[in-house]
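Notes for the one structure printed next.
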Amino acid sequence: MTNRAARVESWLDERADEMARLLERLVAVDSENPPGRALGRCARVLHEAMDGLGLSPEIIGVPDPSGRLDEPCVVRGTAGGGDPLVYFHGHFDVVPAQSRDQFTPLRRDGRIVGRGTADMKGGIVAMLYGAAAARELGLLGTGRIVVHLVCDEETGSVAGAGHLRDAGLVDPAALAMITAEPSGGAVWNAARGALSLRVEVRGREAHVGQADRGVNAFLRMLHVARPLERHAAEMAGRHTAFPMNAEDARGSMIVVGGLSGSGASFNVVPGSAFFTVDGRYNPEEDLGAELGRLTRLVEDAAREIDAEVSVRVTQSQPPAATPRDHPAAVALGRVVGEVHGAPARFETCPGILETRWYAQLGIPAFGHGPGLLEVSHGPGEYVDEAAVRRCAAVHALYAADMLP
Ligand SMILES: [Zn+2]
């Protein structure tokens, strides 16, 4: 281990209990989203912790187009001064718990168990202590770290990250962005995009006794959905050139009919029917072109049977990728190697990642966090305390290397 890595790690080791306590406090706040509860309460815990770490926090209230988020806000903080900057980004909402017990954190055998430990309150603790360590140890040179913590990543981040973009709070001149999502210590330099559609098919209602007067929207829907199955198979065969985890599929993934429904009653010819299409697209794919292809397939099939259809986009999030040989990626790989003592693994995140909000502005953006993706969102979610501290050290040293 290098000298500076040892200094950062011993600074963090001295604060191991403090870091664990903060994570336990954060887990105890049930910031479940949906529905988006206790967000203000969670933000205030973060504010207090960041204040104690000298990160000059502020809570910025944000508009919520959905109207269901409880005190929607972004928590923002800074370490260091000067213009050159690196962003640390995270989210403090969590997916709904499988059991209320998940909000009573358990610390045992070097792990903390509870909802959000992996995704990504453990990652937040890593970033906050990484930023504080970098500042206190004088590693930031003439630059600064800006921390952004948003409240609604699990439902698309329209309020949180959307506000950062709309209010011009993301500086395109930033040197890099890192988010401590549960990458299991790997570096995610690419992430898939998401495109979700709701297809409505219309028919004509009629009572079963006069079924011949109706037009069955359900049967029409089956015809309209059929070509999408072939399309999904074709997309699954289009492999990404970005590195993937060995267990993850290399093609774009599409689910047809994740949600579907029709009709008013079992004894009435259904007058309307709907189904959803949800795609996770590889970084190489163009979401606009894919939307055009999906819409054409639906409309062509509908025309064959003279059916009336409509296609509504319910989610569109572009993929994001920073090439492995970008200087900011090379620097991150070097720091991960320095702290972990093994070469960095570069992978593509199989889901969507908030790197997209920064990558869209040309900022090199990466995921690197302590949690494991396979336990995130599950009933036994946990994070290793040592992994949290290792990632904190990576975050600190990465900022040190990127800032002049
Ligand atoms: Zn997450």
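We did not get these values from a lab; they are worked out from the coordinates using the rules stated. Worth saying up front: this structure is predicted, and the values here are computed from it rather than measured. Reconstructed Cβ throughout: ideal geometry from the backbone, glycine too, with neighbour counts over all protein chains shown.
A few comments on the model shown:
- Nearest-ten-degree value, helix 385-402 long axis tilted from longest Cα axis of the chain: 80 degrees
- Helix 217-236 vs. the chain, principal-axis angle (Cα, 0 to 90°, nearest 10): 40 degrees
- Over the chain, relative contact order from alpha-carbon pairs under 8 Å, at least 6 apart, %: 25 percent
- Counted over the chain, the DSSP beta bridges are approximately 70% antiparallel.
- Of the peptides 389-397, 145-153, 129-137, 51-59, the order by per-residue mean of other Cβ atoms within 10 Å, starting with the highest, comes out as 389-397, 145-153, 129-137, 51-59.
- Difference of contour (0.36 nm per residue) and Cα-Cα distance, ASP248 to MET1: 85.7 nm
- Of the GluC sites (Glu not before Pro) in the stretch 245-323, those whose Cβ has at most 11 other Cβ within 10 Å and which sit in DSSP loop: GLU247
- Within a Gaussian network of the chain (alpha carbon springs, distance under 10 Å), most fluctuating of ASP119, ASP101, ASP109: ASP109
- With 0.36 nm allotted per residue and the present C-alpha distance subtracted, the GLN210-SER260 stretch has 15.5 nm of extension available.
- Across the stretch 137-217, C-alpha contacts under 8 Å between residues 6 or more apart give a mean separation that, scaled by the residue count, equals a relative contact order of 12 percent.
- Dividing the mean sequence gap of close Cα pairs (under 8 Å, 6+ apart) by how many residues the stretch 229-372 holds gives a relative contact order of 19 percent.
- Between the listed residues GLY333, MET402, VAL388, the Cα displaced farthest toward the positive end of the dipole of the stretch 289-404, a dipole computed from Cβ unit charges relative to the Cα centre, is found at MET402.
- Of PRO318, PRO283, PRO65, the one that fluctuates the most in a GNM where the chain has Cα springs shorter than 10 Å: PRO65
- The stretch 95-143 and the stretch 17-62: distance between their alpha carbon centers, rounded to Å: 10 Å
- Rounded to the nearest 20 debye, dipole of the stretch 300-354 from Cβ charges on Lys, Arg, Asp, Glu: 380 debye
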